Amino acid sequence: MANVAVIGAQWGDEGKGKVVDIYGKHAEIIVRYQGGNNAGHTLVVDGKKVVLHLIPAAALHADKTCLIGNGVVVDAEIFLHELETLKASGYLKNSRVHISDRAHVIMPYHKQLDQLREKAKGSTNIGTTGRGIGPAYADKISRIGIRIGDLMNASYLKSRLDETVTEKNCLLTHLYGEKPIDVNAVLDHFLALGEKIRPYVTDTNEILHAGIRSKKKILFEGAQGALLDIDQGTYPFVTSSNTTSGGATTGAGIPPTSVHEVIAIVKAYTTRVGSGPFPTEQLNPVGERLQKVGNEFGATTGRKRRCGWLDLVALRHARNINGFTGLAITKLDVLSGLDEIQVCTAYEYKGKKLTTLPASIEELAGTKPVYKTLKAWNEEITDLSDVKKIPQALADYLKYIEDELEVKSVLLSVGPDRNQTVELRNPFERG
Ligand code: GDP
Ligand code: IMO
Ligand code: MG
């Protein structure tokens, strides 16, 4: 028996939602532990598509415990909307959904400030999702955040809002020339929202710790990807949380020893939404083809995703900071029919070869990828069900990635549907 973390290995949108849906059938408790509704996790079951931003992507299975951990920043309105939509579609049957009372709340002023800051930055912006993620985490770290549990305590919430709104109004009026916020209107709105979410709010630690003691199978659902990690990603072009496996422990409130398997979701090529360096980006017909065939549009903002070749320098960095125990390689079908496949094995910077990801964003932006060219395959693989039937060139591509990363594959994904998957090893059944 093992507890499993599913981690994005690149810049997000690797197919975490699909894999969490598949692993959801094995797990009893599923936990989102960081990020917020900047995430867009897509599930396709029998051709029907569902996009989840906040509720764990195992929600389509019945009889599950779905938790939103303390490390998540919660837009309470999005949560309620997502919950109602799922229930109206007949999902979450006999399932329980809980939000940690320690999770922080995304307030309207967080969204407003996120958008105003991005606008003010102009061409140097991060390209955030505008969902208020950065400002909500900033308030948490500055100890002026509002927590989910605070929404159920009117006098305490008022005192917290009085303090934080005074600061926000100063920024809004003096820096951005906007109208000040009416603290009483915010208070009334959030007390009413607090009443609506009250049935779902609890100390999720108790559920998780009881689950760990009774050896329930727990699945930790990562959002974003390793290269968007606030500490180890391509800072400042990152999100504002720890997207790595370490984030699962602090963001769910469990010890590192309770995460036994770290499954890396690796897209067979690379994509990125928003700004920031992307050494293997293909601003040419190859990139356009990947974007088109891969249907690479952001699941949250609808923006076109930037596309490029697989980057082993970035992936080795992701492996080292996460401790991958298995690879789930997705979107392999998108590569079918290419003339050849390129993989970046190192970077070149000012005549020097780099094999590790530089911390300096200027250095990273100035690198040139060193590529190895591999054979492509022509066969359609979208109905692949048996790993023995895969084309030789695809088998070679997979082996090359596994050897370079020194991690074996546990799952192959050859289409968006739940069925378009080859499961090679069940990580919950580790000996
Ligand atoms: P996440 O954020 O990591 O959950 O990924 P997204 O849902 O944002 O983006 C992944 C997209 O690729 C979604 O539209 C999925 O339906 C789709 N997808 C996932 N796996 C595959 C695959 O193996 N092949 C193809 N063609 N699409 C896939
Ligand atoms: P999933 O979970 C891809 C990117 C944004 C922007 C940067 C900061 O679906 O993989 P933020 O709004 O978080 O402050 O934006 O991070 N970003 C994502 N890119 N997938 C995501 O989530 C992302 N969540 C945030 O585009 O570049
Ligand atoms: Mg996504």
Checklist entry - So is Pro416 touching a Cys at 6+ places or on another chain (Cβ under 6 Å) and not hydroxyl-bearing (Ser, Thr, Tyr) or not? => result no
Checklist entry - Hey, does region 94-102 have a residue that's over 23 Å from Ser240 (Cβ atoms) and open to solvent by 50 Å² or more (accessible area, probe 1.4 Å)? => result yes
Item to check | Matching residues in region 250-262 - criterion: being more than 15 Å from ligand 2 (Cβ to nearest atom) and not in a loop (DSSP other than H, G, I, E, B) | outcome: Thr250, Ala252, Pro256, Thr257, Ser258, Glu261, Val262
Checklist outcome for this item: Counting only residues in region 293-325 that are among the charged types (D, E, K, R) and either within 22 Å of Val414 (Cα to Cα) or touching a Pro at 6+ places or on another chain (Cβ under 9 Å) (or both), the one surrounded by the fewest Cβ atoms within 10 Å (Cβ to Cβ) is identified as Lys304
Checklist entry - Does any residue of region 269-292 turn out to be surrounded by 18 or more Cβ atoms within 10 Å (Cβ to Cβ), touching a residue at least 40 places away in the same chain (Cβ under 8 Å) and assigned to a helix (DSSP H, G or I)? => result yes
Checklist outcome for this item: The one condition Thr243 fails out of (1) more than 19 Å from the chain's Cα centre (by Cα); (2) within 16 Å of ligand 1 (Cβ to nearest atom) is (1)
Checklist entry - Consider Ile321 against the criteria (1) touching a strand residue (DSSP E or B) at 6+ places or on another chain (Cβ under 6 Å); (2) aliphatic (A, V, I, L, M); (3) closer than 26 Å to Asp21 by Cβ: it satisfies all of them except one. Which criterion is unmet? => result (1)
Next on the checklist: Cβ contacts < 9 Å: first residue in the same structural domain as Gly326 (by TED's automatic domain parsing), restricted to region 414-430; second residue within 16 Å of ligand 2 (Cβ to nearest atom) and open to solvent by 80 Å² or more (accessible area, probe 1.4 Å), any location; separation 6+ or different chain. Result?
Outcome noted: Pro416/Lys49; Pro416/Asn295
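The rows are residues; the columns are (1) under 29 Å from Gly298 (Cα atoms); (2) more than 16 Å from ligand 1 (Cβ to nearest atom); (3) not assigned by TED's automatic domain parsing to the domain that holds Gly276.
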residue: Gly127; (1), (2), (3): yes, no, yes
residue: Pro135; (1), (2), (3): yes, yes, yes
residue: Glu167; (1), (2), (3): no, yes, yes
residue: Leu171; (1), (2), (3): no, yes, yes
residue: Ala185; (1), (2), (3): no, yes, yes
residue: Ile212; (1), (2), (3): no, yes, no
residue: Gly222; (1), (2), (3): yes, no, no
Next on the checklist: Just the residues that are open to solvent by less than 10 Å² (accessible area, probe 1.4 Å) and either within 11 Å of ligand 2 (Cβ to nearest atom) or more than 14 Å from Asn419 (Cα to Cα) (or both), please, taken from region 12-23.
Outcome noted: Gly12, Glu14, Lys16, Gly17, Val20
Item to check | Yes/no for Gly247 being modelled with pLDDT under 95, within 14 Å of ligand 2 (Cβ to nearest atom) and small (Gly, Ala, Ser) | outcome: no
Item to check | Residue in region 127-161 that is nearest to ligand 3 (Cβ to nearest atom), counting only those that are under 18 Å from Ala39 (Cβ atoms) and in contact with a Ser or Thr (Cβ under 6 Å, 6 or more places away or on another chain) | outcome: Thr129
Checklist entry - Among (1) surrounded by fewer than 22 Cβ atoms within 10 Å (Cβ to Cβ); (2) part of a helix (DSSP H, G or I), where does Thr345 come up short? => result (2)
Checklist entry - Under the condition of being among the charged types (D, E, K, R) and within 16 Å of ligand 1 (Cβ to nearest atom), which residue from region 246-287 is farthest from Asn426 (Cα to Cα)? => result Arg272
Checklist entry - Asp114: out of contact with any strand residue (DSSP E or B) (no Cβ under 9 Å at 6 or more places or on another chain), over 23 Å from Gly15 (Cβ atoms) and either open to solvent by less than 50 Å² (accessible area, probe 1.4 Å) or within 14 Å of ligand 2 (Cβ to nearest atom) (or both), yes or no? => result yes
Checklist entry - Just a yes or no: is a residue in region 236-243 within 16 Å of ligand 2 (Cβ to nearest atom), in a helix (DSSP H, G or I) and of a type outside the set (S, T, N, Q)? => result no
Checklist entry - part of a helix (DSSP H, G or I), in contact (Cβ under 8 Å) with a residue 24 or more places away in the chain and within 30 Å of Asn3 (Cα to Cα), is that true of Leu227? => result yes
Checklist entry - within 16 Å of ligand 3 (Cβ to nearest atom) and open to solvent by 10 Å² or more (accessible area, probe 1.4 Å): does that describe Ala328? => result no
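The values are calculated or read from the model by the stated rules, or taken from the named source; none is laboratory data. Remember, it's a predicted structure, so these values are computed and weren't measured experimentally. Using ideal geometry, Cβ is built from the backbone for each residue, glycine included, and neighbour counts are taken over all protein chains shown. The area values use the complete protein model at the heavy-atom level, side chains included, leaving out ligands, DNA and RNA. Shrake-Rupley method; radii C 1.70, N 1.55, O 1.52, S 1.80 Å.
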